[in-house]
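Take a look at this one; I'll ask things after.
The values are calculated or read from the model by the stated rules, or taken from the named source; none is laboratory data. This one's a predicted model, so the numbers in the text were calculated from it and none came from an experiment. In this analysis, Cβ positions are derived from the backbone assuming ideal geometry, glycine residues included, and neighbour counts consider all displayed protein chains.
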Amino acid sequence: MTQEVITAQDVHLFYGKKEALKGISLDVRQHEIMAMIGPSGCGKSTFLRCLNRMNDLINDVTITGNITLEGQNIYAPATDTVKLRKKVGMVFQQPNPFPFSIYDNVVYGLKIAGVKDRQVLDEAVETSLRAAAVWDDVKDKLDQSALALSGGQQQRVCIARVLAVKPEVILLDEPTSALDPISATQVENMLLELCSQYTMVIVTHSMQQASRISDRTAFFYQGDLIEMGKTKDIFLNPKNKKTEDYISGRFG
């Protein structure tokens, strides 16, 4: 039985009076990679940010509906958003390492959480960078600035930073769109390696990427969730005409 880690029910989101999400209901299952596809401005990144309350940081946003993480309502007044974002980590489109050393980038979240033991930090750095498939590239320059790395290496260090705090879910907002094809492939391969340990939700403009790495795919269009299912079914046998038209390149 596949366990549902995140469940969203009838989620509406308004920027001021503009409705950006129109009643989204879906679940994210344990240890799957779920892809969200759709044209620009269709709501997929907005919905992704609902899953760890990043939209709280934007003025004049109203969210209704219900989102639970392992049965707990993440929008309950008592929710600690710092703890929530530790459990539900986020990787952004542009690699965003801090202007620190590679080492300090990876342990940033642990230090904020009060971890001071050097041995614990050292182990977390090596484990996380290995999991992010970048250890061999950076192990001899951990004290150098992360900003000196290539884009692909920076993105993998950012993923290591998320992994270091041991999240349960990783949200990825177009994590390879700023990378060259070789770096993008390295990141994709790393995500496939990680999915035995983590649950992942990825927003992507690349249908090839969605078809290569995701277990299930959700197609968004103009703030609606049009269709969701096993990735191969969505790509080979979509039930909705809009899904078919988008996948076959007729719009978007």
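State the number of residues belonging to segment 64-76 that are more than 20 Å from the chain's Cα centre (by Cα) and farther than 24 Å from VAL165 by Cα.
Number satisfying all stated conditions: 2.
Given the residues ARG85, ARG49, which is the only one that is surrounded by 16 or more Cβ atoms within 10 Å (Cβ to Cβ) and modelled with pLDDT under 95?
From the options ARG85, ARG49, the qualifying one is ARG85.
To keep it simple, each residue is scored yes or no on (1) surrounded by fewer than 14 Cβ atoms within 10 Å (Cβ to Cβ); (2) out of contact with any Cys (no Cβ under 8 Å at 6 or more places or on another chain).
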| position | (1), (2) |
| --- | --- |
| ALA184 | no, yes |
| VAL187 | no, yes |
| VAL201 | no, yes |
| ALA210 | no, yes |
| PHE220 | no, no |
| ASN240 | yes, yes |
| ASP245 | no, yes |
| GLY249 | yes, yes |
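On to the next question. Residue by residue through segment 75-97, note down the ones that are of a type in the set (A, V, I, L, M, F, W, C) and farther than 16 Å from THR46 by Cα.
ALA76, ALA78, VAL82, LEU84, listed by residue number.
OK, next. Could you please let me know if ILE182 is in contact (Cβ under 8 Å) with a residue 12 or more places away in the chain, out of contact with any Asp or Glu (no Cβ under 8 Å at 6 or more places or on another chain), outside any helix (DSSP H, G or I) and β-branched (Val, Ile, Thr)?
No; evaluated as a whole, the condition is false for this residue.
Out of segment 193-220, which residues are closer than 18 Å to VAL88 by Cα and not hydroxyl-bearing (Ser, Thr, Tyr)?
LEU194, CYS195, GLN197, MET200, VAL201, ILE202, VAL203
Only one residue in ALA160, ALA124, ALA164, ALA146 is in contact with an Asp or Glu (Cβ under 9 Å, 6 or more places away or on another chain), of a type in the set (Gly, Ala, Ser) and modelled with pLDDT of 95 or more. Which one?
Just one listed residue meets the conditions, ALA146.
Right, here's the next one. Of all residues in segment 1-25, which are within 17 Å of the chain's Cα centre (by Cα) and buried (at least 18 other Cβ atoms within 10 Å of the Cβ)?
Those that are within 17 Å of the chain's Cα centre (by Cα) and buried (at least 18 other Cβ atoms within 10 Å of the Cβ): VAL5, ILE6, ALA8.
From SER40, SER128, which residue is out of contact with any Cys (no Cβ under 6 Å at 6 or more places or on another chain) and more than 30 Å from LYS230 (Cβ to Cβ)?
SER128
Could I ask something else about it? Tell me which residues, restricted to segment 151-190, are of a type in the set (Asp, Glu) and touching a Gly at 6+ places or on another chain (Cβ under 8 Å).
ASP180
Follow-up question, since we're still on this one. Just wondering, is there one or more residues in segment 141-150 that are crowded, with 16+ Cβ neighbours inside 10 Å and not in a helix (DSSP H, G or I)?
For segment 141-150, residues crowded, with 16+ Cβ neighbours inside 10 Å and not in a helix (DSSP H, G or I): present.
Another question, if that's okay. In segment 192-211, what residues are of a type in the set (A, V, I, L, M, F, W, C), in a helix (DSSP H, G or I) and over 18 Å from LYS232 (Cβ atoms)?
LEU194
Let me ask another. For segment 55-71, which positions are of a type in the set (S, T, N, Q), part of a strand (DSSP E or B) and surrounded by 13 or more Cβ atoms within 10 Å (Cβ to Cβ)?
ASN66, THR68
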